[in-house]
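*Asks:* This structure is in structure tokens; I'll ask about it shortly.
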Amino acid sequence: ETPTHDFSKKFQIKTWEGKILFAAQDEESSWSPPLSASNPNDEALEFDLDSFDVEKAKKNGNNTVVIKYMAPHNSKRFSINISGGDHRQYDNIFFHFNPRHYEKGGQLVLNNKQEGMWGQATNVPLSRMPRIFGQKACTLMIQIHEEGYDVFVEEKHCARLEHRNDMKKIDNLSLQFPATDDRGKAEKWTVYKVWWGHKKLMAQEDRLTGVGGANSFAGLHPKRLFIKGLKPVKNESDIDLRRANFERFFRKYGGARGVTVNIPANSTFAFIECDTEQLADLAIDEMSDQYNIKRARRKKHETLKEGHTQSRDTSEWD
């Protein structure tokens with residue numbers, strides 16, 4: 001039987017592909033949130049997740065945090081945060097993992113935080129996951145890649161939080177185990193071991209049905225159109241000319257102010273935003289003979305911006 005403070009061999013944690021950030025030799029040398037803590041950052045356990053490059057995560061870059069822990073049956077909750085180096089005392093959090101034992105029958109809450117404000121939470125019933133509370137020990141894996149953060153509990157893919165930040169500019173991350181929740185209530189769990197390094201991505205992109213949070217933002221924009229198959233534009237004058245032409249050709253679909261046209265440099269496509277969803281439908285019907293035109297996909301940050309104000313009351317820690 002694997003000791004409570006060590007990883008099972010079935011997880012194939014290779015020491016040469018990463019490093020141990022924290023290792024308890026026995027029960028006494030483990031870490032638990034101190035009862036004296038008054039806020040999340042007070043006496044929290046923190047580590048640097050160095051040498052991170054989201055574009056290398058799939059091939060050979062550091063991409064996986066593995067945590068061996070125990071949350072007793074009477075624990076109400078605990079949490080884990082991953083942020084960038086400039087987190088401003090964790091006012092900015094990229095990934096927030098927060099299982100809540102007794103809330104609404106038990107829920108895992110995934111979220112982010114920007115400038116002190118929580119985003120739109122992803123909630124996953126604990127009943128759909130291996131037991132997180134009341135086990136002698138449990139192994140949690142968080143894999144970070146181009147799509148987001150994949151959560152595995154005892155090897156089962158349980159949830160995903162898709163990126164809400166531009167990760168291409170991030171080269172180091174911070175890992176935090178807060179001491180309390182936002183209201184200063186102590187969190188109850190024990191950390192035995194933490195590993196950071198490279199591990200082959202475990203998520204199967206063709207089998208994400210039932211994985212909480214996966215494909216959360218795969219929606220079409222109600223008013224924005226995507227036109228492809230255009231001749232490349234290579235300089236500012238060409239871009240300006242094409243923008244002016246589209247503004248003229250699509251004028252009636254833009255309401256009183258006209259359409260908004262976005263043409264990236266060196267591109268063979270363009271985005272056109274209409275005034276209403278109905279006018280966007282009309283534009284597709286009337287202009288599809290001239291252009292290869294369809295609805296554009298909604299950007300992730302747009303969905304989150306809309307959800308930010310809609311879900312503030314339900315997305316906080318408490």
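*Asks:* So which pairs qualify, if the first residue must be in the range 196-209 and in contact (Cβ under 8 Å) with a residue 12 or more places away in the chain, the second must be part of a loop (DSSP other than H, G, I, E, B) and open to solvent by 50 Å² or more (accessible area, probe 1.4 Å), the Cβ gap must be under 7 Å, and the two must be at least 6 apart or on different chains?
*Replies:* Going by the 7 Å Cβ cut-off, the qualifying pairs are His198/Asn60; Leu201/Lys58; Leu208/Asn215.
*Asks:* Do you know which residues across the range 26-41 are in a loop (DSSP other than H, G, I, E, B) and either within 13 Å of Trp196 (Cβ to Cβ) or modelled with pLDDT of 85 or more (or both)?
*Replies:* The first filter runs over the range 26-41 and keeps only residues in a loop (DSSP other than H, G, I, E, B), leaving 26, 30, 32-41.
The answer is Ser30, Ser32, Pro33, Pro34, Leu35, Ser36, Ala37, Ser38, Asn39, Pro40, Asn41.
Per-residue answers, yes or no, for (1) within 18 Å of the chain's Cα centre (by Cα); (2) crowded, with 21+ Cβ neighbours inside 10 Å:
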| position | (1), (2) |
| --- | --- |
| Arg128 | no, no |
| Phe133 | no, yes |
| Thr139 | no, yes |
| Ile144 | yes, yes |
| Tyr149 | yes, yes |
| Arg160 | yes, yes |
| Ile170 | yes, no |
| Phe177 | yes, yes |
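*Asks:* Among the residues of the range 2-25 satisfying the criterion of being part of a loop (DSSP other than H, G, I, E, B) and among the small types (Gly, Ala, Ser), which is least open to solvent (accessible area, probe 1.4 Å)?
*Replies:* First pass over the range 2-25, keeping only residues part of a loop (DSSP other than H, G, I, E, B): 2-8, 12-14, 24-25.
Now drop any that are not among the small types (Gly, Ala, Ser), which leaves 8, 24.
On the way: Ser8: 31, Ala24: 3 Å².
Among residues in the range 2-25 that are part of a loop (DSSP other than H, G, I, E, B) and among the small types (Gly, Ala, Ser), the one least open to solvent (accessible area, probe 1.4 Å) is Ala24.
*Asks:* Residues Ile272, Ile227: which one is closer than 30 Å to Gly119 by Cβ and either more than 33 Å from the chain's Cα centre (by Cα) or among the aliphatic types (A, V, I, L, M) (or both)? Don't jump to the end; show me each part of the working.
*Replies:* Working: Ile227 fails: closer than 30 Å to Gly119 by Cβ.
Answer to the selection: Ile272.
*Asks:* Criterion first (modelled with pLDDT under 95 and under 27 Å from His5 (Cβ atoms)) does Asn63 satisfy it? Outline the logic, then answer.
*Replies:* Numbers: modelled with pLDDT under 95: yes; under 27 Å from His5 (Cβ atoms): yes.
Spelling it out, Asn63 is indeed modelled with pLDDT under 95 and under 27 Å from His5 (Cβ atoms).
*Asks:* I'd like the full set of residues that are of a type outside the set (A, V, I, L, M) and in contact (Cβ under 8 Å) with a residue 40 or more places away in the chain, limited to the range 219-244.
*Replies:* The initial filter retains those residues of the range 219-244 that are of a type outside the set (A, V, I, L, M), namely 219, 221-224, 226, 228-229, 231-232, 234-238, 240, 242-243.
Once the filter is applied, which keeps residues that are of a type outside the set (A, V, I, L, M) and in contact (Cβ under 8 Å) with a residue 40 or more places away in the chain, the range 219-244 yields Gly219, His221, Pro222, Lys223, Arg224, Phe226, Lys228, Gly229.
*Asks:* Could you say whether any residue in the range 42-60 is in contact (Cβ under 8 Å) with a residue 40 or more places away in the chain, part of a strand (DSSP E or B) and open to solvent by 60 Å² or more (accessible area, probe 1.4 Å)?
*Replies:* yes
The values are calculated or read from the model by the stated rules, or taken from the named source; none is laboratory data. Source: prediction; values computed, not measured. All Cβ positions, glycine included, derive from the backbone under ideal geometry; neighbour counts span all protein chains shown. We work out accessible area using only protein heavy atoms, side chains counted, and drop any ligands, DNA or RNA first. Shrake-Rupley method; radii C 1.70, N 1.55, O 1.52, S 1.80 Å.
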